[in-house]
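First up is the structure itself, then whatever we jot down about it.
Any read-out appearing in this document is the output of simple, stated calculations on the displayed coordinates, not a laboratory observation. Remember, predicted model here, so these are calculated numbers, not experimental data. Heads up, the Cβs are rebuilt from the backbone with ideal geometry, glycines too, and the neighbour counts pull from every protein chain shown.
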Amino acid sequence: MNFSKNISLKKLNTFGIKANCKLFTEIHSKSQIKHLIQTEEFKRNNYLILGGGSNILFTKDFNGLIIKNEIIGINILSENDHIKNVKVGAGVNWHKFVLWSIENGLSGIENLALIPGNIGASPIQNIGAYGVEVKDVIDKVWAINLKDGNEHIFTNLECKFKYRDSIFKNELKDKIMITHVSFNLSKTAIHNTSYGDINEELSRLGAERSTKNICNAVINIRKRKLPNPDEIGNSGSFFKNPVIKSSKFKKLQGLYPDIVGYKMSETDTKVAAGWLIDKCGWKGHRNNDAGVHKNQALVLVNYGEATGKEIILLAKKIQKSVKEKFDINIYPEVNIIG
Ligand SMILES: Cc1cc2nc3c(=O)[nH]c(=O)nc-3n(C[C@H](O)[C@H](O)[C@H](O)COP(=O)(O)OP(=O)(O)OC[C@H]3O[C@@H](n4cnc5c(N)ncnc54)[C@H](O)[C@@H]3O)c2cc1C
């Protein structure tokens, strides 16, 4: 087992934050995880599992062990007339898997194209975009308990998926390492174009509603709307959309007719956090290299040399102003480390 010392994490987090870790290692198989947890380096240090680093904000150097999950492989476990059950290694890039599914004539994850990061993190916050959440297609999650090395296989129900949430973000946070995820992908196209601008983009492209065209439409929309982390450091949506009582939403609608919300149930409404932040005047704000993106108020950005602490300071100011103006608490979606 190789441990490197004092490694820079700048290229390993999409926020592009300068931070070093004390120790760094890569995992390529389940047996390596079982071996790792017996080592002194693991036993004596704090650790952090890293995938693509696209949902993480380092606020200082990490004085412990970073374990980068590099387990690869895409294998079809079973199929019937309608479904292929596909098991994928945690270290496989999410978008590459989306493209693989399209090339193999499978449908179900085309709306989730271009989401950065790896397969292993996809169940953790139940990634979602354009009306689809990954919980809709996850069959099982394979994980190793980092205390005793035992393997656990979680059914979809056992993952306790919710909006940007799962058991892995709560009870099991930092206790297990996800090694594989299996997905039920559809052989017959089941399209969801009800959300966002997908239909408009398909008309603009003059393209029919096929799985591949929906994937391309999503890619185009995302490229137009979201900053590319290779150009401006960011972690996508910094805050979760808050869920409030529908009665409160109605009152706010009286004051702000253009408020954006989606009914979750009879009693609850999810409010677009980007709209709230924009209304507080933050869009395009910049202090040194920490800022709020000029087109997307929900995305905090690092123009180059921002520190994690500067991003946090900005996030706190935004939370405070949203609370003062709307009496709504907004919370980070991003994992804050340090
Ligand atoms: C430009 C941009 C756009 C984005 N758009 C979206 C979007 O539309 N929808 C959405 O839901 N998200 C979005 N995100 C957030 C991000 O892409 C997802 O949360 C993604 O799943 C994170 O994957 P990752 O591999 O980079 O995880 P990391 O950032 O490396 O890790 C995230 C968390 O998961 C843990 N972790 C990672 N891998 C494992 C593992 N194998 N086992 C156990 N724990 C693990 C880490 O310890 C950490 O706590 C966006 C991010 C960016 C930068």
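Paramagnetic label reach from R204 (point 7 Å along Cα→Cβ; backbone nitrogen cut-off under 14 Å): within the stretch 223-244, residues 223-226. Over all other residues within a Cβ to Cβ distance under 13 Å of G108, the charged ones net out to -1, with Lys and Arg as +1 and Asp and Glu as -1. Of the peptides 49-61, 225-237, the order by per-residue mean of other Cβ atoms within 10 Å, starting with the highest, comes out as 49-61, 225-237.
Residue order for W282, W100, fewest other beta carbons within 10 angstrom first, comes to W100, W282. Applying 1/(1 + (r/R0)^6) with r as the Cβ-Cβ distance of K60 and K225 and R0 = 41 angstrom yields a FRET efficiency of 0.85. Of all DSSP-defined beta bridges confined to the chain, some 80% are antiparallel rather than parallel. Pairs from the list K187/K212; K10/K283; K173/K283; K96/K187; K11/K283; K240/K309 with a Cα-Cα gap above 23 Å: K10/K283; K173/K283; K11/K283.
Taking θ as phi - 60° and the Karplus parameters 6.51, -1.76 and 1.60, the scalar couplings of the stretch 249-260 work out to 4, 4, 4, 5, 5, x, 7, 10, x, 8, 4, 9 Hz in sequence order, x denoting glycine and proline.
Placing dummy labels 7 Å off each Cα toward the beta-carbon, the span from K212 to K173 is 4.3 nm. Between N329 and H35, the FRET efficiency estimated from the beta carbon spacing at R0 = 56 angstrom works out to 0.85. Taking amide H atoms as placed 1.01 Å from N in the peptide plane, the amide H of H285 lies under 5 Å from those of V292, each 5 or more residues away in sequence or on another chain.
DSSP beta bridges confined to the stretch 4-69 are antiparallel in about 30 percent of cases. Each of N288 and Y303 was given a label point 7 Å from its Cα along the Cα-to-Cβ line. The distance between the two points is 1.3 nm.
Distant-in-sequence amide contacts of D139, defined by a placed amide H-H separation under 5 Å and a gap of 5 or more residues or a different chain, comprise S182, F183, N184.
Summing charges over neighbours of D139, with a neighbour being any other residue whose Cβ is under 13 Å away from its Cβ, gives +1 when K and R count +1 and D and E count -1.
N220 sits among other residues whose Cβ lies under 14 Å from its own Cβ, and their net charge, with Lys and Arg +1 and Asp and Glu -1, is +2.
Our coupling estimate for the stretch 84-94, obtained by passing each phi through the Karplus curve with A = 6.51, B = -1.76, C = 1.60 and θ = phi - 60°, is 10, 9, 10, 9, 10, x, 4, x, 6, 5, 4 Hz, Gly and Pro reported as x.
Looking at the stretch 64-172, the GluC sites (Glu not before Pro) that sit in a DSSP loop and have at most 13 other Cβ atoms within 10 Å of their own Cβ are E171. Fully extending the segment from L77 to Y256 would add 59.3 nm, taking 0.36 nm per residue of separation and subtracting the current Cα-Cα distance. For Y163 and E266, FRET efficiency with R0 = 22 Å and r from the beta-carbon atoms, rounded to 0.05? Between E266 and Y163 the formula returns 0.85. Fewest-first ordering of L298, L99 by other beta carbons within 10 Å of each residue's beta carbon gives L99, L298. Close amide H pairs (under 5 Å, H built 1.01 Å from N) link F62 with N20, C21, K22, residues at least 5 positions away or on another chain. Antiparallel beta bridges, as assigned by DSSP with both residues in the stretch 43-154, represent about 75 percent of the total such bridges. Going by Cα centres, the stretch 157-213 and the stretch 129-150 are how many Å apart? Between the Cα centres of the stretch 157-213 and the stretch 129-150 lies a distance of 12 Å.
If you put +1 on each Lys and Arg Cβ and -1 on each Asp and Glu Cβ, how big is the dipole of the stretch 74-225 around its Cα centre, in Debye rounded to 20?
Roughly 400 debye for the stretch 74-225.
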